[in-house]
Amino acid sequence: MDALIMEGLHLGAGSVAAVRDIAHPIALARSVMEKTNHTMLVGRGASEFGREMNLSLSATDRLLTNDAEKEFERFKGSGYDRAVEELFVPKQGDEGGVGDGNPVQHDHETVGAVALDAHGNVACATSTGGISVKRPGRVGDSPIVGAGGYADNEVGAVSCTGHGECITRVCLAHRIVNFMNAGLGPEAAAEQALGFMSERIQGFGGAIVSTAAETPPVRSPHREWRGLR
């Protein structure tokens, strides 16, 4: 499991990757941000740090949901690329894809949030279990600052979801923040960045975005999804 948290006042960030036995990886990421001088811990070192922080542990099999197990069984014979194709690439009826424009539900386990407090501070958080049948050791965008999320009090906060390799290659969260810094509103900035990812590398995914002003957060159309076949 991977997770990232970032606050926009001091650009503080903490993330973890390839964690197997921590019940709430986002809590571990926050501990990295608040209790260490690092921005990322991975694997066994991250788990050992979680124990030092007395965070809740969980047996790996207890973290495997029935839906995740069914998804693994579905794709274990066809491989990672097929899983990406089925889970992320827009199908008939998807916005940004081909068809009638009616959204098609995509179920995936990435969880993202953005927040703005009463003092004008923004923050983001992103957590995921990754993609079924990924290669052991694979890390996607979620725990990477600027890819899976970014927060800056001077602009806003972003949390991303989608195909991690594509999101990482274009630094999607930071790209959206840069477009807002250049004057675009949050929805337009998200659409511009997603459009770039789609056209440049045929990438697919999306984001939830908050400005540093007191306006409601927005998400890109169709539950954060846009892309091309």
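The values are calculated or read from the model by the stated rules, or taken from the named source; none is laboratory data. Note that this is a predicted model, so its numbers are computed, not measured. Using ideal geometry, Cβ is built from the backbone for each residue, glycine included, and neighbour counts are taken over all protein chains shown. Just the protein is used for accessible areas: all its heavy atoms, side chains included, with ligands, DNA and RNA removed. Shrake-Rupley method; radii C 1.70, N 1.55, O 1.52, S 1.80 Å.
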task = Please state which of the following conditions residue 89 fails to meet, knowing it meets all the rest: (1) open to solvent by less than 60 Å² (accessible area, probe 1.4 Å); (2) under 30 Å from residue 202 (Cβ atoms); (3) modelled with pLDDT of 95 or more.
result = (3)
Residue ID - modelled with the highest pLDDT, chosen from residues in segment 10-38 that are touching a Leu at 6+ places or on another chain (Cβ under 9 Å) and open to solvent by 80 Å² or more (accessible area, probe 1.4 Å) = 24
note = Expected output for segment 26-40 (first residue closer than 20 Å to residue 114 by Cα, partner surrounded by fewer than 21 Cβ atoms within 10 Å (Cβ to Cβ) and of a type in the set (Asp, Glu), Cβ below 6 Å, 6+ apart or cross-chain) is none
ask   = Within segment 194-213, restricting attention to residues that are touching a His at 6+ places or on another chain (Cβ under 9 Å) and part of a loop (DSSP other than H, G, I, E, B), which residue is least open to solvent (accessible area, probe 1.4 Å)?
value = 203
